[in-house]
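What follows is one structure encoded as structure tokens, with my remarks underneath.
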Amino acid sequence: MHSILMSEQYAHNSVTQKNEFADSAIPMMETALHHAQMSKLAARTDSGLGVSLSELPMAGLLVFRASKDKAALAKAVESVLQVSLPETLSTSIVGDKCVRWIAPDEWLLSCAIDEAYTIEKSIREITGDASIAIVNVAGGFSALTLQGPSAVDVLRKSTAYDVHPQNLMPGKVVNTVFAKAQVCLRCVEENHYELIIRRSFADYVWHWLQVASAEYGLSIEVG
Amino acid sequence: MIKLVHGRYVQNYRLPSGGRIDRSKIFTFRFNNRYYKGYEGDTLASALLANGINVVGRSFKYSRARGIMSAGVEEPNAILQVGATEATQIPNVRATEQSLYDGLVCSTVNGWPSVRFDAMSLVGKLAGGAMGPGFYYKTFMFPAFMWETYEKVIRKAAGLGRSSKERDPDSYDHMHHHVDVMVVGGGATGLMAALTAARSGARVMLADEQNEMGGGLLHNGVEIDKSSAIDWVNSVCTELDSYPNVVRLTRSVVTGLHDHNFLTVNERRTHHLGDRGPTGMSRERMHKVRAHSVILATGAHERPLVFANNDLPGCMQCSAVSQYIRRYAVVPGSSIVVMTTNDAGYQCAFDWHDVGRDVVAIVDTRAKPDGDVVDKARERGIELITGSAVIEANGSHRVRNVLVAPINDAGTFLTGEPQTLLCDTVASSGGWSPAVHLSCHTGSRPVWREDILGFVPGDTHENRIASGRVNGAQSLSECLTDGVNAGKQAVHSCGKQFDSGESVPPVPAVVEPRVGKAMALYLVPHTKTPTRAPKQFVDMQNDVTAAAIQTSTREGFESIEHVKRYTAMGFGTDQGKTGNVNGMAIVANTLQQSIKDTGTTVFRPNYTPVTFGAVAGSHTGALFDPKRFTPMHRWHIEHGAKFENVGQWKRAWYFPREGESMQDTLNRECTATRESVGILDASTLGKIDIQGRDAREFLERVYTNAWAKLAPGRCRYGLMCGDDGMVMDDGVTSCLADNHFLMTTTTGGAANVLNWLELCHQTDWPELDVYFTSVTDHWATMTIAGPNSRELLSRVCQDIDLDKEAFKFMDWREGTVAGAPARVFRISFTGELSYEINVPAHYGMHVWEALFEHGRDFNLTPYGTESMHVLRAEKGFVIVGQDTDGSITPIDMNHAWAVANHKSFSYIGKRGMQREDCLKPERKQLVGLETIDPNTVLPEGAQAVRNPQQSIPMTMVGHVTSSYYSANVGRSIAMAVIRDGLNRMGESVYFPLADGRTVEARICASCWVDPAGDCHKS
Amino acid sequence: MFVIYCPYCEEHREEDEFHASGQAHLARPLNPDECTDKEWGDFLYFRKNPRGLHQEIWQHTAGCRKFFNITRNTVSYEILETYKAGERSKIDMEKPQHD
């Protein structure tokens, strides 16, 4: 028996519907960089500069864990998401869902925020008594994308990981140090990177990225 | 006001043509408050020499006038202070490394009050003995109180430059690189090696300290493949730049070569552009390079010879003279005497001769030199004096003449009377010392090679290749061959292949002259012994003389490392670039042993000085350390919160209103909470999701109390110890489901606790089925506390039965708060009726604001961490890390109730707590304190004594851990750890304070509010 | 700055991703309650400090969070091997090393 936060299942619907329980305002989701007003900045900056940065909208994030019953998890993931659990440092992608390898017994799924509950529930049903864990961590992170011809230079100023396209190629994901924070860094395609940062560090990383990309020209895009 | 004067000098020493300078770009610069002119392409040193400036500094110890001696990083004398404004001051700039720019302002650092007339030079002339070798030790070791006085005099006289007192307006940054092959040095060898490696497709970085690649090829006038060497350099650079995997850096000094081939490369990006860099461009960039293979092609530094007064302005390295003439079109004098022990020294006489100046003589220390250069000198009609040496230079601020005398074959004594030759410049060459510095940074010791009279890099387990001159190659063709081989070897060691044989570049053709054997000579003999002769300098930057080195060996400092420390030879920014081998030779000679047996000192990073700016990079100011924010941070700012740092978190500390003192605010916040309802942003609490079949068993093992029976829906306080039995962390852990728990930790302990759990699981109990995931950032946590908290919650939460029987103290429930999915925990850190509402962080702000919307009816009062501290202290609740310090067991903390002795597993901390020492009755125990005067608040950390009348040093029996004024209690309250405190209730202890007061306080139970615990259960 | 092969991520990574956690292969006594104070003290506080080969436990804190073992020369700083927690070293620790 695990506890899934049941109320998750209807909370997201209420984003667009008047909440039936509380008379207070409709619950408003705020991304970690809500205060930075990225959409206003996007309107004010030129596009097509050396680097463009966007904060992605809120997404569902689930941590999957399994060690000795990894096969059971893999089977359930395949059945629910139609993808296989990725191998070391790689990703499995289907539609808007992406499963990232984090550790030999850990993966991170991103999906539409209103799908997370169903996915967790379905996987738990399939895995039954198997030794696995699933944790909803949607609120715990901020997802940024960095694109453009100088994106890799900004990364080289920020992390000691080898981000050369021969090493960090499309589909690869690594957890590493970013400035003085940590990042789950994924190369989406050439000159296009995704950074998943712990929510409380998002403002620091946002500030850092502004400084590191200044010399290349930074444009802000709406995620 | 400093009066600025235009320089009297008009580049009298500039040649009418030639050099790698752009005469159409005329720069004005200021040196010691006079204006001068130079050209683009000049270094500061070449521009100074072009203007006939002889004296660029005063020496460190003896305050002797010093001039420019070299043309590269090895320069020991021309070390200047650069900067037009206070904010842009940079100390320790070598004039030979600094490119000239328009508007450059610089001044000498030594010399007080001026370089031409120096009061301290009297010390140098008359009282030199007072600052003899070992000066630092002899002077400073005692008496201790004199330290400061001496230091002031030395610092002022030494004038080792100064840092700006203002904020540096420039920015600095770092960049990381991973390469297959790192080539250090862009001379002939380095270029050849980089080209070879690049052709394999390997990732290559090539760094050179100069403004352009080429090294010696830029000024030695040789031909490669039958055309100018400079053409060859250009073609190699063009090819390198065409490869996407090659990074080529100029003005970039490899300052350190660290473990596992990690290199720091300091690129000066804007130093040549102006006093301040262009906006948006960092002034310096520290490249942090991880290389699979490193090719050291660092070349060699020419050794000047050691003779009397060899520090007079006008004494230079032979190669430097050539470099100034050929590269900068500056001839640094009118008449030259060249002294050399080898064929290479002749070139500067030829260069001098070529520009039509007077070559007085070439003094060759060898009796019968026989290389091609000898014939060439004769063909030119230059006077050649063989088997002789310049034994002394004379002059005051510039060489006026030299004494030349015949020497024996070994160069150990004079064999005839000296003659005087008039000249204003003496160039000397004692051979070349390979620049082995980087090879030594991780501990490898260089190896002496008698055949080349120099140290070459020693063995290392790292993947490194020393190539070219640094490895003892003597000719250009050897260097080029070495470069190709090093490139190939590095490529193969990376597991890469060349496509075909053709892609390896052929070794270019070079015509080599016949070279005569060099003579081993370091210290030139004099008519007098070193201690009686005029000073013979070995290390100019540290003012170390041959006599000083002999003195130190006589005094028993025979190991070269001891000589270094006794004399300061090779100290500091110089790192023994020109002087070390000469010094070692003198030690060897004095002790009658070989240089090989004498060995070298250790060369340490950095090779050249690195600014603090480059070390810090962008990690300054707001980016010095990450600041972590909760989802409700914006609200706190908008409502005037003061913040405090808790680890990296910025937590709301208190919320002052207009006109309130901090104590006023705390009184208001604390009272409102106990009277109605207060709210705290507790999102920073560490939260760890624990799942797995053995999750409960795991908790049993890491907590001191019992977890076997905690049912889903229930919460429990947990206390965690280390194996030593000392309290490590605490928090409430809730049972979400049979095999699913949510652990909370202290804000500061979150990361440590998670790592601790992982360590225990992964290394000690891997058989347990359990998973830990940090959910600290996922949850926004807000604590509402006070008698009206239930009422407030009911306004925003309809799907949880809040009835006090249905939702009891230490229960948690799942539901919806203000429309957001939530877990609500009925736990209390204030002793009041209290709910901790957890919602996903993205709903945090929404829920927080919804609570305030409804909170108006209850005077909902936000309180910060300070009131939280007061409120919990009123109940005697501890804060781990404040009331504990790693020496407190649960028993000491009066938490025996949280220690279960009958668990099946010997949980962590159990055995530790039972060590003999932990069972002693006289341990410090956590108790409450009330000062006799209720308005006196004890300072936290104050030390307790039982009898304040005892003589000093008093026996201390404990200290105050927490102390506040409590408005709710109406008096000051405190917690303290006091020896045997739990058995001494009602007794007084005394706190003698630093301000002279002694405060008396009575030991009491540490709970002042609602001791029966009715409130939180209400 | 070391470069360390993480046996779980199967890549070399920079040292700043890792955290050293002291001597490896310290077996926690199975029955702590039966240890004498001396035995317990030895387990708690006494550590090797060899000149030469040393086995240490490190955690890939910024990466996969896994603990693993390193055999390292404390003189040359050469890392001879890394291996997962629970695995055995392939190095003969008794063999004299040149530094």
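Annotations for the structure displayed:
- Cα-Cα pairs of the range B:686-774 separated by more than 21 Å (percent): 19 percent
- For residues of B:171-177, the mean tally of beta carbons on other chains within 10 Å: 5
- Heavy-atom accessible area buried between chains B and A is around 5400 Å² (1.4 Å probe, both sides summed).
- Values of log10 I(q)/I(0) for chain A across q = 0.09, 0.12, 0.16, 0.18 Å⁻¹ run -0.40, -0.69, -1.13, -1.31, by the Debye formula with one identical scatterer at each alpha carbon and no solvent.
- Reach of B:Lys910 by Cα under 28 Å, taken over lysines that are not fewer than 8 positions away in the same chain: B:Lys687, B:Lys709, B:Lys875, B:Lys920, B:Lys924, C:Lys38, C:Lys48, C:Lys66
- Averaging 1/r over each pair of different alpha-carbon atoms in the protein assembly as shown and inverting the result gives 35.7 Å, the Kirkwood hydrodynamic radius.
- Loop chymotrypsin sites (Phe, Trp or Tyr not before Pro), the range B:754-837 (other Cβ atoms within 10 Å of the site Cβ: 11 or fewer; DSSP): none
- Proportion of all alpha-carbon pairs of the range B:199-279 beyond 16 Å (%): 64 percent
- Number of partner chain Cβ atoms within 10 Å, mean per residue of B:969-982: 0
- Fraction in percent of alpha-carbon pairs per bin - 5 Å, the range B:264-419: 2, 8, 14, 16, 16, 11, 8, 7, 7, 7, 3, 1, 0, 0
- Looking at the range B:920-1018, the DSSP beta bridges with both ends there are about 100 percent antiparallel.
- Ranking of B:Arg378, C:Arg51, A:Arg156 by solvent-accessible surface, largest first: C:Arg51, B:Arg378, A:Arg156 (1.4 Å probe, protein heavy atoms only, all chains present).
- Beta-bridge orientation, chain B: approximately 70 percent antiparallel, per DSSP, counting only bridges with both partners inside.
- Helical contribution to [θ] at 222 nm, DSSP H n ≥ 4, -39,500 (n - 2.57), averaged over the protein assembly as shown, rounded to 500: -6000 deg cm²/dmol
- Accessible area buried by the pairing of C and B, both sides summed with a 1.4 Å probe, works out to roughly 2400 Å².
- Orientation-averaged projection of the range A:60-139 equals 4.5 nm² [convex hull of Cα atoms, one quarter of hull surface area].
- Annotation: peptides B:438-445, B:611-618, ranked by per-residue average of other Cβ atoms within 10 Å with the highest first, follow the order B:438-445, B:611-618.
- The residues of the range B:684-706 occluded by other protein chains by 30 Å² or more of accessible area, set against the chain on its own, are B:Gln691, B:Arg693; surface from heavy atoms, 1.4 Å probe.
- Portion, in percent, of the accessible area of the range B:686-774 that falls on carbon or sulfur, probe 1.4 Å: 52 percent
- Principal axis dimensions, largest first and in whole angstrom, of chain B by Cα: 115, 76, 58
- Sparsely packed trypsin sites (Lys or Arg not before Pro) within the range B:935-1018, loop by DSSP, other Cβ within 10 Å at most 15: B:Arg997, B:Lys1017
- Other-chain or far-sequence residues with amide H under 5 Å of B:Val817's (modelled H): B:Ala822
- Peptide packing for B:270-277, A:124-131 was compared via the average number of neighbouring C-beta atoms within 10 Å per residue; ordered from the highest value, the list is B:270-277, A:124-131.
- The listed residues B:His178, B:His353, C:His25, once ranked by accessible area (1.4 Å probe) with the largest placed first, stand as C:His25, B:His353, B:His178.
- Convex hull volume of the C-alpha atoms in the range B:582-720, normalised per residue: 351 Å³.
- Distance histogram in 10 Å bins (all Cα pairs of the range B:747-808, percent per bin): 16, 30, 20, 25, 9
- Burial annotation for the range B:183-222: residues with an accessible-area loss of at least 50 Å² between the isolated chain and the complete set of protein chains, computed on heavy atoms with a 1.4 Å probe, are B:Arg203.
- Put the Cα centre of the range B:823-874 next to the Cα centre of the range B:938-993 and the gap is 32 Å.
- Taken residue by residue and averaged, Cβ atoms of other chains lying within 10 Å of the Cβ of A:125-136 number 4.
- Note that the range B:539-588 carries a Kirkwood radius of 10.3 Å, evaluated over its alpha carbons pair by pair.
- Å² of accessible area per residue within the range C:1-90, as computed with a 1.4 Å probe and no ligands counted: 51 Å²
- Each of the peptides B:758-770, A:91-103 was scored by the mean count of other Cβ atoms within 10 Å over its residues; in descending order, highest first, they stand as A:91-103, B:758-770.
- With protein chains left intact and a 1.4 Å probe, residues in chain B average 37 Å² of accessible area per residue.
- Its alpha carbons give the range B:920-1018 an Rg and a Dmax of 14.0, 52 Å.
- Among the GluC sites (Glu not before Pro) in the range C:2-99, those placed in a DSSP loop whose Cβ has at most 10 other Cβ atoms within 10 Å are C:Glu94.
The values are calculated or read from the model by the stated rules, or taken from the named source; none is laboratory data. Just so it is clear, the structure is predicted and the values come from calculations on it, not from any experiment. A quick note on method: Cβ atoms are made from the backbone with ideal geometry, for glycine too, and the neighbour counts reach across all protein chains shown. The area values use the complete protein model at the heavy-atom level, side chains included, leaving out ligands, DNA and RNA. Shrake-Rupley method; radii C 1.70, N 1.55, O 1.52, S 1.80 Å.
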